[in-house]
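The structure appears below as structure tokens.
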Amino acid sequence: MTASAAGGSPATYDVIGVGYRRVRQPDPRLAAMIHEALAGARTVVNVGAGAGSYEPADAEVIAVDPSQVMLDQHPGHRKTLAGAEELPFGDDSFEAAMAVLTVHHWPDLHRGLSELRRVSRRQVVFTWDPQHLPELWLIEEYLPEIRQLDHARFTSVSEVAEALDAHTVLPFPIPHDFTDGFQVAHWRRPELYLDPVIRQASSSFAALPPSVVEPAIARLRADLASGVWQRRHADLLGRDSMDYGYRLLVAGETDRGHR
Ligand SMILES: C[S@@+](CC[C@H](N)C(=O)[O-])C[C@H]1O[C@@H](n2cnc3c(N)ncnc32)[C@H](O)[C@@H]1O
């Protein structure tokens, strides 16, 4: 089966997925939150698994992703090339399903979420809320083009929660030294956005043409060199974490078996 025949739109990750693991190191604080939500589940399907970040070590995990480039970076042995919209598993096959930073890539979000509910008894989804404020300074001041892109891709957390019938929605404020290099990760380390390898691991950056990104990054470089950025963001430099709208949603059975 080819990646595109498997459903979804894997092309982005077949291109930007190369080298993904180097920049996208799972963060232990986010891992702890996800593992607590998955506690007690002995069988887990990781949908949009990518390189396998945040999978619990104490469960039997099957990784599902429509990108072969991503699955090739996954260290596990149980891997299935498929999109969330058509999971090749029977009803209630797993005690839990997890989907981390992936639902915004699914061409049919509602179908994917209903597949998660069909194949598992508990669902754990980590995503970003486009309605949340404040937004990252990088978008507000340098690259508003990312806003358009992200608002077109991400669905509000309230709509995802409703589709899942989630009983729990937990905020995850991003620590200042967050290790998983997705777009917002470097909010207190602005110089990291100057590195093209770091930018490439974020699908929003990767989707924008160099003619848009390069002048913006040149402006950031100049503002960092002159101290303009530091003066403008003195408040951020004193913070340990920031709530930028990332949320963990939990639906279905709890680890005690209640729905
Ligand atoms: C940002 S990565 C997240 C990977 C991993 N969950 C993590 O936390 O590192 C998004 C993943 O979603 C996958 N993806 C894209 N379209 C998908 C679809 N229709 N169904 C499931 N996964 C999809 C991509 O191939 C990519 O591996």
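Filter the range 120-129 down to the residues that are out of contact with any Lys or Arg (no Cβ under 7 Å at 6 or more places or on another chain) and either in a loop (DSSP other than H, G, I, E, B) or over 18 Å from ALA39 (Cα atoms) (or both), then identify the one that is nearest to the ligand (Cβ to nearest atom).
TRP128
Between residues in the range 230-248 that are within 14 Å of ASP129 (Cβ to Cβ) and residues that are in a helix (DSSP H, G or I), which pairs lie under 7 Å by C-beta distance while being six or more apart or on different chains?
Qualifying pairs under 7 Å: TYR244/VAL184; ARG247/VAL157; LEU248/MET33; LEU248/ILE34; LEU248/ALA37.
Given the structure, is ILE34 touching a residue at least 60 places away in the same chain (Cβ under 8 Å), of a type in the set (A, V, I, L, M) and under 18 Å from LEU116 (Cα atoms)? Let's see the steps before the verdict.
Values: touching a residue at least 60 places away in the same chain (Cβ under 8 Å): yes; of a type in the set (A, V, I, L, M): yes; under 18 Å from LEU116 (Cα atoms): yes.
Taking the combined requirement at face value, the residue satisfies it.
Scan the range 174-225 for residues that are farther than 15 Å from TRP137 by Cβ, out of contact with any Ser or Thr (no Cβ under 8 Å at 6 or more places or on another chain), touching a residue at least 12 places away in the same chain (Cβ under 8 Å) and of a type in the set (A, V, I, L, M) and report the count.
Counting residues in the range 174-225 that are farther than 15 Å from TRP137 by Cβ, out of contact with any Ser or Thr (no Cβ under 8 Å at 6 or more places or on another chain), touching a residue at least 12 places away in the same chain (Cβ under 8 Å) and of a type in the set (A, V, I, L, M) gives 6.
Are any of the residues in the range 107-114 outside any helix (DSSP H, G or I), more than 9 Å from the ligand (Cβ to nearest atom), among the polar types (S, T, N, Q) and at pLDDT 95 or above?
First, the residues of the range 107-114 that are outside any helix (DSSP H, G or I): 107-108.
Still in the running and more than 9 Å from the ligand (Cβ to nearest atom): none.
No, the range 107-114 contains no residue that is outside any helix (DSSP H, G or I), more than 9 Å from the ligand (Cβ to nearest atom), among the polar types (S, T, N, Q) and at pLDDT 95 or above.
Filter the range 231-256 down to residues that are exposed (fewer than 12 other Cβ atoms within 10 Å of the Cβ), at pLDDT 95 or above and of a type in the set (D, E, K, R), then give me how many there are.
Number satisfying all stated conditions: 3.
Every residue, every condition in (1) crowded, with 18+ Cβ neighbours inside 10 Å; (2) near the ligand (Cβ under 9 Å from one of its atoms); (3) more than 13 Å from the chain's Cα centre (by Cα), yes or no:
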| position | (1), (2), (3) |
| --- | --- |
| PRO75 | no, no, yes |
| LEU81 | yes, no, yes |
| PRO88 | no, no, yes |
| VAL103 | yes, yes, no |
| GLN131 | no, no, yes |
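Can you pull out the residues in the range 52-67 that are more than 12 Å from the ligand (Cβ to nearest atom), in contact with a helix residue (DSSP H, G or I) (Cβ under 9 Å, 6 or more places away or on another chain) and hydrophobic (A, V, I, L, M, F, W, C)?
ALA57
Would you confirm, using the coordinates I've provided, whether ARG117 is surrounded by fewer than 21 Cβ atoms within 10 Å (Cβ to Cβ), within 18 Å of HIS167 (Cβ to Cβ) and in contact with a Lys or Arg (Cβ under 9 Å, 6 or more places away or on another chain)?
Working: surrounded by fewer than 21 Cβ atoms within 10 Å (Cβ to Cβ): yes; within 18 Å of HIS167 (Cβ to Cβ): yes; in contact with a Lys or Arg (Cβ under 9 Å, 6 or more places away or on another chain): no.
Taking the combined requirement at face value, the residue does not satisfy it.
Out of the residues in the range 133-166 that are surrounded by fewer than 15 Cβ atoms within 10 Å (Cβ to Cβ) and among the hydrophobic types (A, V, I, L, M, F, W, C), which is nearest to GLY245 (Cα to Cα)?
LEU133
Quick test for you: out of ARG221, ARG188, ARG247, pick the one residue that is touching a Leu at 6+ places or on another chain (Cβ under 9 Å), closer than 27 Å to ALA96 by Cα and of a type in the set (D, E, K, R). Break it down stepwise before answering.
Values: ARG221 fails: closer than 27 Å to ALA96 by Cα; ARG188 fails: closer than 27 Å to ALA96 by Cα.
After ruling out the rest, the residue left standing is ARG247.
Does VAL228 satisfy the criteria of being in contact with an Asp or Glu (Cβ under 7 Å, 6 or more places away or on another chain), modelled with pLDDT of 95 or more and under 17 Å from GLU140 (Cα atoms)? Step through it out loud before you land on a result.
Values: in contact with an Asp or Glu (Cβ under 7 Å, 6 or more places away or on another chain): no; modelled with pLDDT of 95 or more: yes; under 17 Å from GLU140 (Cα atoms): yes.
In short, no.
The values are calculated or read from the model by the stated rules, or taken from the named source; none is laboratory data. None of these values were measured; they are calculated from a predicted model. Cβ sites come from the backbone with ideal geometry, for glycine too, and all protein chains shown count toward neighbours.
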